[in-house]
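Novice: Quick one: this structure, given as structure tokens, is what I'll be asking you about.
Bear in mind that the values in this text are calculations on the coordinates, not laboratory data. The shown structure was predicted, so the numbers you read here are calculated from the model rather than taken from an experiment. Every residue, glycine as well, gets a Cβ built from its backbone with ideal geometry; the counts of neighbours run over all protein chains shown.
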Protein chains: 2
Amino acid sequence: MNNVSPLKNIRVVLTQPSHPGNIGAAARAMKTMGLDALYLVNPRKFPHADADARASGALDVLQNARICTTLADAIGDCVLAVATSSRQRELRHEMMSARQAASAMIESAAAHPVALVFGNETSGLSSEEAGLCNLWAYVPANPEYASLNLAAAVQIFAYELRMAAVDAVHSPAPEFDAATNEQVEQVYRHFEETMIATGFLDPANPKRLLPRLRRMLARARLESDEVNILRGFLKTVRKPPTQ
Amino acid sequence: MNNVSPLKNIRVVLTQPSHPGNIGAAARAMKTMGLDALYLVNPRKFPHADADARASGALDVLQNARICTTLADAIGDCVLAVATSSRQRELRHEMMSARQAASAMIESAAAHPVALVFGNETSGLSSEEAGLCNLWAYVPANPEYASLNLAAAVQIFAYELRMAAVDAVHSPAPEFDAATNEQVEQVYRHFEETMIATGFLDPANPKRLLPRLRRMLARARLESDEVNILRGFLKTVRKPPTQ
């Protein structure tokens, strides 16, 4: 198991990490499990001596880290982005366990880039950030004290990814042509415009419709062909006759 | 799963830990997984402010930690002691994976005290210490960089113990308000009718469109509310003007 290739397609995204020590410890956790792509969305302090110290032998992961200004940038070319939480219901999505999510990620990562997304140490992921992701995963933790350190959560997910990668060597995944997050975003915009055009959505009073639509599309894990089908259909939808 | 009782019979033993920060982080890792018995064999610095800082909300685990002068003392009353390593062959014993070892520990811990033993950060367990244990377990790690932080190794083992304990009870699935197959079928029919009405779908020549639509809807695992949103939208789609 020197080369677990799906792991090379998996990036860890830390959004707005507050403590540089946690960034370093996360890099070390990643490397021990064979992950090397680290993306940082608006880190408060980076680079930083504390990050280097806690990275230990994983300085290369830190040095190659990419800095992004938005989560959308960090995951735009991915076919699957998994939002993480230590609380089972926090994100108001149907949640998978870390083990289940790792298995899904390894399957997708056989051929495409995949992201594992962690929120800020204190506030976690915002619902907007979580809404950009396709799956939501939690670490089954003690309900009386589920406060995992950020790097500890990265360690558990990275470990489950490695375990799933080892399992997957024995059972290759079926191929399918997954849509990128960018394509899915286009479907979302197209729905939004069409819903406004038909009068279904009142842009002055959208209520919870748009976040729900986004969540549903993210969960559906569309294929490229399906993006074409949906957009093709939406193009044929005309404005209603004015009444 | 508030009370996973075998976990209460499992103690974590850190032998000669050098860095008090690691002791604190290990305590936090334990508590997040429902372990609370920490034994320290000749810690170099303890108690210590760094331990408290890294323990975060697990100060109680630190405060209740027992200090021992030998490993034999720390595990004397246990029916099973598991020595850990991040290297598969280091201890010159037949090694189990963390997952296999967790399962064995949970079984024994149903009725008896059980110990999970970690070595010093730099030197690991001596062969004499390892020889006092009954089983030897490793974290399957990147062979090119298997250097897990002590608290990270504790986190993975503690997580596997919790997972094994939950498996032993049986895990309840997270709740969400899933649509019935009938509701999804209605969405499918509604899409089909609307696609015909807009001219997107030619019923005389449907090609692969309908099975693809069905597959996409099945994969999306819709919730009841989403069924209402989609059908509500489709209702607002009018026929195109005849050309």
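Novice: Please report how far the C-alpha centroid of the stretch A:203-224 lies from that of the stretch B:125-145, rounded to the nearest whole angstrom.
Specialist: Comparing the Cα centres of the stretch A:203-224 and the stretch B:125-145, I get a distance of 49 Å.
Novice: If the viscosity is 1.306 mPa s and the temperature 10 °C, what translational diffusion coefficient in µm²/s does Stokes-Einstein give for the stretch B:181-236 when Rh comes from Kirkwood over Cα pairs?
Specialist: Value of D from the Cα-based Kirkwood radius: 137 µm²/s.
Novice: Additional query: Are there any helices in chain A, counted as whole DSSP H runs, that stretch 18 Å or more along their axis by Cα and score at least 0.5 on average by Kyte-Doolittle, and if so which?
Specialist: Long hydrophobic helices here: A:150-168.
Novice: Rounded to a whole number of µm²/s, how large is the Stokes-Einstein D of the protein assembly as shown at 4 °C and 1.567 mPa s, given Rh as the Kirkwood radius over C-alpha pairs?
Specialist: On the way: Rh = 24.2 Å.
Estimated diffusion coefficient is 54 µm²/s.
Novice: Measuring nothing but label to label, 7 Å from Cα along Cα→Cβ, what are B:THR122's distances to the other copies in nm, shortest first?
Specialist: Once sorted, the set of distances for B:THR122 reads 3.6 nm.
Novice: Can you give the FRET efficiency to the nearest 0.05 for B:GLN186 and B:GLU128, using r as the Cβ-Cβ distance and R₀ = 60 Å?
Specialist: 0.30
Novice: Still on this structure, please answer the following. With charges set only on the Cβ (+1 for Lys and Arg, -1 for Asp and Glu), what does the dipole of the stretch A:171-235 come to about its Cα centre, in debye to the nearest 20?
Specialist: 440
Novice: For B:GLN100 and B:ASN205, what is the calculated FRET efficiency with R₀ set at 51 Å and r taken between the beta-carbons, to the nearest 0.05?
Specialist: Here the calculated transfer efficiency is 0.35.
Novice: How far is A:ASP73 from itself in the other copies, in nm, if each label sits 7 Å out from Cα along the Cα-Cβ line, shortest first?
Specialist: Ordered by increasing distance: 5.6 nm.
Novice: Check cross-link reach from B:LYS31 to the lysines: straight Cα distance under 16 Å, and skip same-chain residues fewer than eight apart.
Specialist: Qualifying lysines at Cα under 16 Å: B:LYS8.
Novice: Which Cα, out of B:PRO203, B:PHE233, B:VAL187, lies furthest along the positive dipole direction of the stretch B:181-236 (beta carbon charges, K/R +1, D/E -1)?
Specialist: Highest projection toward the positive end goes to B:PRO203.
Novice: Which distances, shortest first and in nm, link A:ALA197 to the matching position in the other copies, using label points set 7 Å out along Cα to C-beta?
Specialist: Listed shortest first, these distances are 1.6 nm.
Novice: Helix-only mean residue ellipticity at 222 nm, chain B, DSSP H runs n ≥ 4 weighted -39,500 (n - 2.57), per residue, nearest 500. What is it? Spell out each step's value before the answer.
Specialist: Working: 10 runs with 110 residues, N = 243.
About -13500 deg cm²/dmol.
Novice: Taking the Cα centre of the protein assembly as shown as the origin, how large is its charge dipole in debye, to the nearest 20, when only Lys and Arg (+1) and Asp and Glu (-1) carry charge on their Cβ atoms? Walk me through the numbers on the way to the answer.
Specialist: Numbers: 50 positive and 50 negative charges, 224 e Å.
Its charge dipole is roughly 1080 debye.
Novice: Further, regarding this structure: Determine how many Å³ per residue the convex hull of the Cα atoms of the stretch B:11-55 encloses.
Specialist: Hull volume over Cα atoms, normalised by residue count, gives 52 Å³.
Novice: Compute the Rg to Rh ratio over the stretch A:5-168 from the alpha carbon atoms, using the Kirkwood formula for Rh, and round to two decimal places. Walk me through the intermediate numbers first.
Specialist: On the way: Rg = 14.1 Å, Rh = 15.3 Å.
Reported Rg/Rh (Cα atoms, Kirkwood Rh): 0.93.
Novice: Same structure, new question: Give, in nm to one decimal, the length gained when the segment between A:ALA49 and A:ASP73 is fully stretched (0.36 nm per residue of separation minus the Cα-Cα distance).
Specialist: 6.0 nm
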